[in-house]
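The values are calculated or read from the model by the stated rules, or taken from the named source; none is laboratory data. Computed from a predicted model, the values in this text were never measured in an experiment. In this analysis, Cβ positions are derived from the backbone assuming ideal geometry, glycine residues included, and neighbour counts consider all displayed protein chains. What goes into the accessible areas is simple: the full protein's heavy atoms, side chains included, and nothing from ligands, DNA or RNA. Shrake-Rupley method; radii C 1.70, N 1.55, O 1.52, S 1.80 Å.
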Amino acid sequence: KNAKLIYEWYSASDMVNNVAVFKNGKKIAISTLKANVSGFDSKVMIVNFNSANAEFQKEYDGEIIYNLSTEFSRGVTVATSNTFDFLKIRKFESSEYKNEYNLQMLRESSGGTLLLYNRENDKTDNIIVAISKKGEVSFETKFSGIVTDIAMKNNHIYCISDTKAYILDSNGGIVRTADCGFGAVRFSVVSKEEIAVVTDNQINKVKFSQD
């Protein structure tokens, strides 16, 4: 925090593409990438600041790691195109979620991680998945339409598709809807019934109606 160097780590051959610092300030999670004859292989390592050697590592053959996070105290989260892996800190046990669809969006919140998957040739065919901060699947549902953004707060799932915003229940049913107009790119949950929607040139508050 005083801009002083506390640790250096070198990769001998692979390219480092993600780094995440543990909240206790004593370890880092690193993901690396290297090319093979047919694509890429990746690897995750957990390194203690007291050593240059990894205390744990896991390989992800044929995959690229797009997101690496130490946000949750119980584990490290790893996201590739079709796999979400929760590496539990105590014994580094792996809890994997796999989907044949491709990962398009990932959002973290205090309740866990929200994932949006869709088909490569059909962006309207979606699966929304919530992973708890313990690494367990707490929500999974299909959703039709081009999704612009997703969020999770207080056990509610929010999403924007086309010109509408939705609140979904645990079964994927639509609880409430609201018109948010054209051009929405991101949003933030203000309260259970209200979101702030960001467009290219303005921010609007949108309130949900009871369906």
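What are the residue pairs meeting all of these: first residue in the stretch 4-22, first residue within 18 Å of residue 78 (Cβ to Cβ), second residue exposed (fewer than 14 other Cβ atoms within 10 Å of the Cβ), Cβ atoms under 6 Å, and 6 or more apart or on different chains? Partner pairs satisfying both residue conditions: 14/34.
From the list 170, 95, the lone residue that is assigned to a strand (DSSP E or B) and at pLDDT below 95 is 95. Going residue by residue through the stretch 107-114, is there one that turns out to be open to solvent by 10 Å² or more (accessible area, probe 1.4 Å), under 18 Å from residue 81 (Cβ atoms), in a strand (DSSP E or B) and in contact (Cβ under 8 Å) with a residue 40 or more places away in the chain? Looking for residues that are open to solvent by 10 Å² or more (accessible area, probe 1.4 Å), under 18 Å from residue 81 (Cβ atoms), in a strand (DSSP E or B) and in contact (Cβ under 8 Å) with a residue 40 or more places away in the chain, one finds at least one in the stretch 107-114, hence yes.
The set of residues in the stretch 36-50 that are closer than 15 Å to residue 12 by Cβ and either of a type in the set (A, V, I, L, M) or not in a strand (DSSP E or B) (or both) comprises 45, 47. As a summary of the residue check, residue 3 satisfies the conditions (1) in a loop (DSSP other than H, G, I, E, B); (2) under 20 Å from residue 117 (Cβ atoms) except for the one numbered (2). Of the residues making up the stretch 51-88, those that are open to solvent by 40 Å² or more (accessible area, probe 1.4 Å), among the hydrophobic types (A, V, I, L, M, F, W, C) and not in a strand (DSSP E or B) number 2.
Taking the conditions exactly as written (more than 15 Å from the chain's Cα centre (by Cα), modelled with pLDDT of 95 or more and either under 20 Å from residue 193 (Cα atoms) or surrounded by 17 or more Cβ atoms within 10 Å (Cβ to Cβ) (or both)), does residue 160 satisfy them or not? So residue 160 passes the test. One residue alone among 18, 24, 102, 48 is farther than 16 Å from residue 131 by Cβ and open to solvent by 50 Å² or more (accessible area, probe 1.4 Å), and that residue is 24. Of the residues 192, 207, the single one that is open to solvent by 30 Å² or more (accessible area, probe 1.4 Å) and over 24 Å from the mean Cα position of the chain (by Cα) is 207.
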